[in-house]
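Written below as structure tokens is the structure these notes are about.
The values are calculated or read from the model by the stated rules, or taken from the named source; none is laboratory data. Computed from a prediction, not measured in an experiment: that's the story for all the values here. Cβ placement follows ideal geometry from the backbone for every residue including glycine, while neighbour counts extend to all protein chains displayed.
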Amino acid sequence: MGKKIWQTKTTRNLIFGILAGLIAYMIIGKLGLYLLHIGWADYATHSKDKSYTLGMLLSRLFIGLVASITASITTTKIANDNGKSAWFVGAVVFCVGSYIHFLTTVWGDYPSWYHFAYVLPIIPITGLSNYLLAKENRFNSEC
């Protein structure tokens with residue numbers, strides 16, 4: 001009798017990679033926002049009523065960018081695939097982010113451009129960042 005699909009090393013790596021990528025996204029996101037809160041007094045003041053300045057909003061978007069890249073790298077390294085799992089993680093984060101930003105009361109907390117600037121790049125950044133980093137690693141190994 002053959003092994004069940006979840007008993008193969010490849011499948012386990014894929015599942016653990018996807019879970020680790022999602023967890024990495026959440027940890028980096030929360031940590032980044034926490035560091036903004038404790039390290040930037042004006043940010044902490046404005047976060048109470050969500051009256052962020054442009055610089056604060058751009059800082060939040062940058063944290064999302066770093067979280068997406070971290071999720072991509074984490075997922076692909078653990079899944080040991082060529083980046084397909086990173087696209088899946090990006091899709092999950094996109095779906096959750098879209099729900100939160102467009103279908104809850106969060107819409108009123110930020111300018112409309114911010115929601116689109118946060119949600120729309122999630123899939124391409126998460127999916128492509130691993131590819132670009134892998135390309136960079138191939139270039140460095142050839143030198």
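Which of the residues belonging to region 74-91 are part of a helix (DSSP H, G or I), surrounded by fewer than 18 Cβ atoms within 10 Å (Cβ to Cβ) and in contact (Cβ under 8 Å) with a residue 40 or more places away in the chain?
Listed by number, the list holds a single entry, Lys77.
Output the number of residues of region 108-143 satisfying the condition of being surrounded by 13 or more Cβ atoms within 10 Å (Cβ to Cβ), of a type outside the set (Gly, Ala, Ser) and at pLDDT 75 or above.
16
For region 92-117, name all the residues that are part of a loop (DSSP other than H, G, I, E, B), free of Cβ contacts under 8 Å to residues at least 60 places away in the same chain and in contact with a Leu (Cβ under 9 Å, 6 or more places away or on another chain).
Pro111
Let's see how each residue does on (1) modelled with pLDDT under 95; (2) farther than 30 Å from Asp81 by Cα; (3) part of a helix (DSSP H, G or I); (4) in contact with a Gly (Cβ under 6 Å, 6 or more places away or on another chain):
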site	(1), (2), (3), (4)
Lys3	yes, no, no, no
Trp6	yes, no, yes, no
Gly32	no, no, yes, no
Asp42	no, yes, yes, no
Thr45	no, yes, yes, no
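Could you check region 60-86 and list, in sequence order, the residues that are under 11 Å from the mean Cα position of the chain (by Cα) and over 20 Å from Gly32 (Cβ atoms)?
none
Filter region 47-83 for residues that are among the acidic types (Asp, Glu) and either under 19 Å from His115 (Cα atoms) or at pLDDT 95 or above (or both) and give the result.
Asp49
For region 47-69: of the residues being in a loop (DSSP other than H, G, I, E, B) and touching a residue at least 12 places away in the same chain (Cβ under 8 Å), which is surrounded by the fewest Cβ atoms within 10 Å (Cβ to Cβ)?
Taking the candidates together, the pick is Lys50.
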